[in-house]
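Okay, so here's the structure we're looking at.
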Amino acid sequence: MKIVVIGGTGLIGSKLVTRLGEHGHEAVAAAPNTGVNTLTGEGLADALAGASVVIDVSNSPSWEDDAVMEFFRTSTGNVLAAEAAAGVGHHVALSVVGTERLPDSGYLRAKVAQEKLIESSPVPYSLVHATQFFEFVAGIADGATEGNTVRIPPVLFQPIAGDDVAQAVGRVAVGAPLNGRVETAGPERFRMDEFFRGALAAVEDPREVVTDEHARYFGTELSEGSLVPAGEAILGEIRYADWKGQAVKYPVDRPAR
Ligand SMILES: NC(=O)c1ccc[n+]([C@@H]2O[C@H](COP(=O)([O-])OP(=O)(O)OC[C@H]3O[C@@H](n4cnc5c(N)ncnc54)[C@H](OP(=O)(O)O)[C@@H]3O)[C@@H](O)[C@H]2O)c1
């Protein structure tokens, strides 16, 4: 099967291209530096010619509210139109568990807009909602840092390894379109404040994690279940404590603060 991976040079996209290729598919990475720009439409029709499936794991270069909305609306609209013209039979997109529960986040409002475009398009689709990637843990800590303090609410948190996300998305992509959504999360559920206390201590990060039930997560207050799957989910296999990426997060490749 020819499978085009929009954002195929990114974190999840590059893992998907490798994985799908290993399973005998013709996996094509589509991104600006492979000549495909979904904002301008450049290279899109050529990339999609003969494709059975398109997986969209692209991300906006800017997370500013208006910029991210513009990115997901324009890019998704262009991709869906090109798929309809090329006769693509399955559009798969990666989104975030809890998008619709956190409307105060500009980023998640943009992901909801992306999902609505997909749901109202004639192209058969599957939406995969993932929890926070292990690779994003350092970014969450940085976003919650004031001075030497990291303020984190005591809500449920179930992060997942990027490799497990790629596996779940790849499996959905080679199956029949769900015309609905599926959720995926890591194998363990934590309290978010306790998780960060342990994760930072494990790499001797000097910042102190303070439990704060009103601490904002990228602009939005969280409640107990905002970030975790509401029901049944595809669970990843990799535990955070066993994940190789954590040891290099700090202080090896980061300046001391
Ligand atoms: N971070 C999390 O914890 C989390 C959780 C759940 C879901 N997600 C979702 O997962 C998805 C993938 O995230 P990621 O971290 O793998 O992203 P990433 O590493 O930032 O990669 C983004 C990809 O999008 C491409 N891209 C950017 N602008 C483009 C354009 N105009 N046309 C075509 N491609 C473009 C990039 O290409 P270049 O490298 O050439 O710029 C890159 O290949 C996102 O949609 C995100 O919402 C993230």
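All of the numbers you see were taken from the coordinates with simple rules; none came from a lab. This is a predicted model, so every value here is computed, not measured. Here the Cβ positions follow ideal geometry from the backbone for every residue, glycine too, while neighbour counts run over all protein chains shown.
Within the stretch 117-169, how many residues are under 21 Å from Q246 (Cβ atoms), assigned to a strand (DSSP E or B) and within 14 Å of the ligand (Cβ to nearest atom)?
Looking only at that region, the number is 4.
Across the stretch 149-179, what is the number of residues that are closer than 15 Å to I55 by Cα and not hydrophobic (A, V, I, L, M, F, W, C)?
6
Please enumerate the residues belonging to the stretch 61-95 that are surrounded by fewer than 19 Cβ atoms within 10 Å (Cβ to Cβ) and not in a helix (DSSP H, G or I).
P61, S62, W63, E64, G87, G89
Yes or no: F134 among the aromatic types (F, W, Y) and on the phi < 0 side of the Ramachandran plot? Walk me through it before giving the result.
Details: among the aromatic types (F, W, Y): yes; on the phi < 0 side of the Ramachandran plot: yes.
Answer is yes for this residue.
Tally time: how many residues in the stretch 2-59 are among the aliphatic types (A, V, I, L, M), buried (at least 16 other Cβ atoms within 10 Å of the Cβ) and more than 7 Å from the ligand (Cβ to nearest atom)?
The qualifying residues number 16.
Among all residue pairs at least 6 apart or on different chains, which show Cβ distances below 7 Å where the first residue, located in the stretch 38-52, is without any contact (Cβ under 8 Å) to a residue 12 or more places away in the chain and the second is hydrophobic (A, V, I, L, M, F, W, C)?
E42/V36
Working only within the stretch 124-139, note down all residues that are surrounded by fewer than 18 Cβ atoms within 10 Å (Cβ to Cβ) and more than 14 Å from the chain's Cα centre (by Cα). Even if it seems obvious, please write down each step before you answer.
Narrowing the stretch 124-139 to residues surrounded by fewer than 18 Cβ atoms within 10 Å (Cβ to Cβ): 124, 136, 139.
Result: P124, single match.
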